[in-house]
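Working notes, structure below.
The values are calculated or read from the model by the stated rules, or taken from the named source; none is laboratory data. Worth saying up front: this structure is predicted, and the values here are computed from it rather than measured. Reconstructed Cβ throughout: ideal geometry from the backbone, glycine too, with neighbour counts over all protein chains shown. All accessible areas refer to the heavy atoms of the entire protein, side chains included, with ligands and DNA or RNA removed. Shrake-Rupley method; radii C 1.70, N 1.55, O 1.52, S 1.80 Å.
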Amino acid sequence: MFNPQDPLFWTLVAFVLFFAVVFYFKVPASVAKSLDARADGIRKDLDDARKMREEAQQLLADYQRRSRAAEDEAREIVAQAKREAEALAADTRKSLAESLERRTKVAEDKIARAEAQAISEVRATAVEVAVAAAENLLRGKVTGNDASALIESSIRDLKGRLN
């Protein structure tokens, strides 16, 4: 049955020797350890990748939340600036209207004073002209000492009545 000349015999011997050497040097155990270590490394890498992905998703969510908050804050700042600008414009319009009103009143007061002064000057000039005319008329018609006293008295009375 076992013939040393048969190649099948030598193949069987080589096969048995191969498995004897493999099991003697504990190759399957070291291969198993190596595969287990590699599987543990891969498992650890997958866990790390999963954690990093979760952290990245959390960071992304945080940045999106911050971005939305910043956009909301920017919108609020713009809205506040618009409200302040509108209030400032309203105050400016009101202030301008008040200033124009004051200037108009001052101008009207100046015009009224100028009119009053002009009327006063015209009256004074009219009084002087009337006094001069009355003086000339009285001097021409009345003569003597009584005339002089009458003219002076009339001039004083006329000035008092016209002013």
Inset, instruction - Determine Rg/Rh for the chain; Rg is computed over alpha-carbon atoms and Rh is the Kirkwood hydrodynamic estimate from the same atoms. - result: 2.09
Inset, instruction - Determine the share of the range 1-146's accessible area contributed by carbon and sulfur atoms, expressed in whole percent, with a 1.4 angstrom probe. - result: 61
Inset, instruction - Rounded to whole Hz and in sequence order, give me ³J(HN,Hα) for the range 53-58 from the Karplus expression 6.51 cos²θ - 1.76 cosθ + 1.60, θ = phi - 60°, writing x for Gly and Pro. - result: 5, 4, 5, 4, 5, 5
Legend entry - trypsin sites (Lys or Arg not before Pro) within the range 1-89, DSSP loop, no more than 11 other Cβ atoms inside 10 Å: Lys26
Legend entry - Of the chymotrypsin sites (Phe, Trp or Tyr not before Pro) in the range 23-73, those whose Cβ has at most 13 other Cβ within 10 Å and which sit in DSSP loop: Phe25
Legend entry - Mean separation of Cα contacts under 8 Å (6+ apart) over length of the chain, as relative contact order %: 13
Inset, instruction - Rank Val22, Leu46, Ala61 by how far each Cα sits towards the positive end of the charge dipole of the range 1-71 (+1 on Lys, Arg Cβ; -1 on Asp, Glu Cβ) and give me just the farthest. - result: Ala61
Inset, instruction - Taking only protein heavy atoms into account and a 1.4 Å probe, give the accessible area per residue of the chain in Å². - result: 88
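Once you list every other residue whose beta carbon is under 11 Å from the beta carbon of Ala114, what net charge do they have if Lys and Arg are +1 and Asp and Glu are -1?
Local net charge: -2.
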